[in-house]
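Throughout, read-outs are computed from the coordinates displayed, never taken from laboratory work. Computed from a prediction, not measured in an experiment: that's the story for all the values here. Counting neighbours? That spans all protein chains shown, and the Cβs are built from the backbone with ideal geometry, glycine included.
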Amino acid sequence: MDSAFLNLIRGNRVTAYMGLKLPEGVAPKYGPSYQYIEIPVLCFRKDDGTELDKANPNQHLEVIPNCTIKVRGNQAVMVHYNPALQAVGNHSGSHIVWPGGEEHSPSFYVSFRKGISVADLEWAVRLSLLA
């Protein structure tokens, strides 16, 4: 499968294709030439819905980015996980969100070996458009 990341000129076009919604007061952080958008961590979530600011060893938690997406158009969105989480836990590789789905959070699960705080992570995911 041949794919390339779209290099769009303006950030608002990238966010429009992704259907990116950020809470008020949270500004998107774009990568060089708008190749990706870094999204901060909102919280860690347990299976019962409890939200945590810190993960402890031997916990399996969902990492919740501080955004929602609803992909529009024909381009899919690649969700890259912060590699800093690989140093403290185990998680799967990146995933793709295809156009036409419902609005949702691009969250993912981590089985933590070591403790880490939300404040210790600069970003949760990088979102990139695929061509």
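What you get for the chain, charging only the Cβ of Lys and Arg (+1) and of Asp and Glu (-1), is a dipole of about 280 debye around the Cα centre. Across Val26, Val77, Val14, mean-square fluctuation computed from a Gaussian network of the chain (C-alpha pairs under 10 Å connected) peaks at Val26. Taking all Cα pairs closer than 8 Å and separated by 6 or more residues, the relative contact order of the chain comes to 34 percent.
Of the residues Pro32, Met18, Tyr81, the one whose Cα sits farthest towards the positive end of the charge dipole of the chain is Pro32 (charges of +1 on Lys and Arg Cβ, -1 on Asp and Glu Cβ, taken about the Cα centre).
Number of Lys-Lys pairs in the chain with C-alpha atoms under 26 Å apart and a separation of 8 or more places or on different chains: 10. Label sites at His104 and Glu122, each approximated as a point 7 angstrom past Cα along Cα to Cβ, lie 2.9 nm apart. Each label point was placed 7 Å from the Cα along the Cα-to-Cβ direction; for Lys46 and Lys21 their separation is 2.8 nm.
With a cut-off of 19 Å on the backbone N, the residues of the stretch 104-130 near the modelled label site 7 Å out from Asp53 along Cα-Cβ are 115-124. Per-residue ellipticity at 222 nm computed for the chain from its helices equals -1500 deg cm²/dmol, with DSSP H segments shorter than 4 residues left out and the rest contributing -39,500 (n - 2.57). In terms of Cα atoms, the Rg and Dmax of the chain work out to 14.7, 43 Å. Backbone phi angles across the stretch 76-88, fed through the Karplus curve with coefficients 6.51, -1.76 and 1.60 (θ = phi - 60°), yield HN-Hα couplings of 8, 10, 8, 9, 9, 8, 5, x, 4, 6, 5, 6, 10 Hz in residue order; Gly and Pro are listed as x.
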